[in-house]
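Step one of this worksheet: look at the structure below.
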Amino acid sequence: MKVAITGASGLFGRGLVEIFSLRHTVFPLTRSEADITRAEEVRNVIRRLGPDVVVHPAGIPDLDRCEADPARAFLTNVHGTRHVVEAVREARAALVYVSTDAVFDGKKGTPYAETDPAIPFTVYGRTKLRGEGLASTLPEHWIFRVSVLFGPGKTNFVARALEKIAADEQFVAASDQLGSTTYTLDAARTIMDVVEARRFGLYHLSNSGALTRYELAAKAAEFAQLDTRKVIGKPSAEMSRRAVRLKYAVMAMDGLSHAGFDPPRPWQEALKEYVTRLEVRGS
Ligand SMILES: NC(=O)c1ccc[n+]([C@@H]2O[C@H](COP(=O)([O-])OP(=O)(O)OC[C@H]3O[C@@H](n4cnc5c(N)ncnc54)[C@H](OP(=O)(O)O)[C@@H]3O)[C@@H](O)[C@H]2O)c1
């Protein structure tokens, strides 16, 4: 297949490019090739490349940035996605849209299924849900909701934690928000399998198991043989953040199971692989 990937220099974009390149012809699209806020530019690039599938992780994933500048968040995450969707429609291609657990309100207390109502209460969550609505107007689409991403190629929560602890500084992380986490390379492999099987639909996609950010940082420090006492767990109320964080965001992966795919391995195994890779390659 010919696969175009937006946001190719981003954290998930890099993982998607690495994995899809193993079996397909990949066109990595960075902002300089296609600024998604420019409809004409996006349409021209997609028309010229003629991909079978467009994978679209480009956007602004930072909750606080979106809360601080809703106009930019909507321009990029909603209008940008609209431009990608229209270009994909015109090219008669299929679309993979990358979404988030932030479409939920965090009040459920048991794992969120794909069938649960999405009620976002952050600017970021609202923009991503609008993006889902746009993607679902295409006859051939997949929506994958991922959670706290870590992976090679770009700094992320785990890399930042390890950097601080290695520098002998404390790393403060929330200890009262239970959620999921997603290793970009595992998620990209699953997306590729689902796309190749042409099982269109909405899927939750994270590594198996529930955890807090505190546990994620502490486990990473342990795998990197650093001092885990440098990781300090705090209630989220004590951490000044512009956007409210979800108290509960664990995702159930019923969609994948029903479609006959194994959910990705436990998060600890994925994290160990990533930390080892960081030590060997440095990124
Ligand atoms: N990170 C997480 O923990 C997380 C959790 C759940 C869901 N997600 C979703 O996963 C997706 C990828 O996240 P990520 O962590 O990989 O984000 P990222 O590292 O910030 O990458 C996003 C990419 O989008 C590009 N982009 C931004 N505005 C653009 C524009 N106007 N035109 C073209 N490209 C543009 C950025 O390009 P520049 O480098 O030029 O800015 C960047 O390469 C997002 O859709 C996000 O909502 C992420």
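The values are calculated or read from the model by the stated rules, or taken from the named source; none is laboratory data. Quick caveat: nothing in here was measured; it's all calculated off a predicted structure. In this analysis, Cβ positions are derived from the backbone assuming ideal geometry, glycine residues included, and neighbour counts consider all displayed protein chains.
On the stretch given as the stretch 1-21, residues that are of a type in the set (Asp, Glu) and either part of a strand (DSSP E or B) or at pLDDT below 95 (or both) total 0. Of the residues contained in the stretch 176-184, one or more are found to be modelled with pLDDT of 95 or more, under 27 Å from ASP116 (Cα atoms), under 16 Å from the mean Cα position of the chain (by Cα) and assigned to a helix (DSSP H, G or I). Across the stretch 131-164, what is the number of residues that are more than 8 Å from the ligand (Cβ to nearest atom), of a type outside the set (Gly, Ala, Ser) and either part of a helix (DSSP H, G or I) or at pLDDT below 95 (or both)? Counting residues in the stretch 131-164 that are more than 8 Å from the ligand (Cβ to nearest atom), of a type outside the set (Gly, Ala, Ser) and either part of a helix (DSSP H, G or I) or at pLDDT below 95 (or both) gives 8. I'm checking my understanding of the structure. Among residues of the stretch 103-130 that are assigned to a loop (DSSP other than H, G, I, E, B) and within 13 Å of the ligand (Cβ to nearest atom), which one is nearest to PHE200 (Cα to Cα)? Ranking the candidates gives PHE104 first. Of the candidates ARG213, ARG199, ARG245, the single residue that is farther than 14 Å from TYR112 by Cα and either buried (at least 23 other Cβ atoms within 10 Å of the Cβ) or in contact with a strand residue (DSSP E or B) (Cβ under 6 Å, 6 or more places away or on another chain) (or both) is ARG213. With the structure loaded, tell me whether TYR97 is of a type in the set (Phe, Trp, Tyr), within 16 Å of the ligand (Cβ to nearest atom), under 19 Å from the mean Cα position of the chain (by Cα) and not in a strand (DSSP E or B) or whether it fails that test. No, not satisfied.
Quick grid of which residues meet (1) touching a helix residue (DSSP H, G or I) at 6+ places or on another chain (Cβ under 9 Å); (2) not polar (S, T, N, Q):
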site: THR137; (1), (2): yes, no
site: ILE143; (1), (2): yes, yes
site: GLU163; (1), (2): no, yes
site: THR184; (1), (2): yes, no
site: ALA188; (1), (2): yes, yes
site: GLU196; (1), (2): no, yes
site: GLY201; (1), (2): yes, yes
site: ALA217; (1), (2): yes, yes
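Taking the numbered list (1) out of contact with any helix residue (DSSP H, G or I) (no Cβ under 7 Å at 6 or more places or on another chain); (2) surrounded by 22 or more Cβ atoms within 10 Å (Cβ to Cβ); (3) not in a helix (DSSP H, G or I) in turn, GLY255 passes all entries but (3). Cβ-Cβ under 7 Å, sequence separation 6+ or interchain: first residue in the stretch 145-156 and farther than 21 Å from ASP254 by Cβ and touching a residue at least 60 places away in the same chain (Cβ under 8 Å), partner assigned to a strand (DSSP E or B) and within 6 Å of the ligand (Cβ to nearest atom). Which pairs? Pairs that qualify, where the first residue is farther than 21 Å from ASP254 by Cβ and touching a residue at least 60 places away in the same chain (Cβ under 8 Å) and the partner is assigned to a strand (DSSP E or B) and within 6 Å of the ligand (Cβ to nearest atom), are ASN156/LEU149.
The set of residues in the stretch 29-44 being touching a residue at least 24 places away in the same chain (Cβ under 8 Å) and farther than 17 Å from HIS79 by Cα consists of LEU29 alone. For the stretch 54-80, the tally of residues that are among the β-branched types (Val, Ile, Thr) and within 9 Å of the ligand (Cβ to nearest atom) stands at 2.
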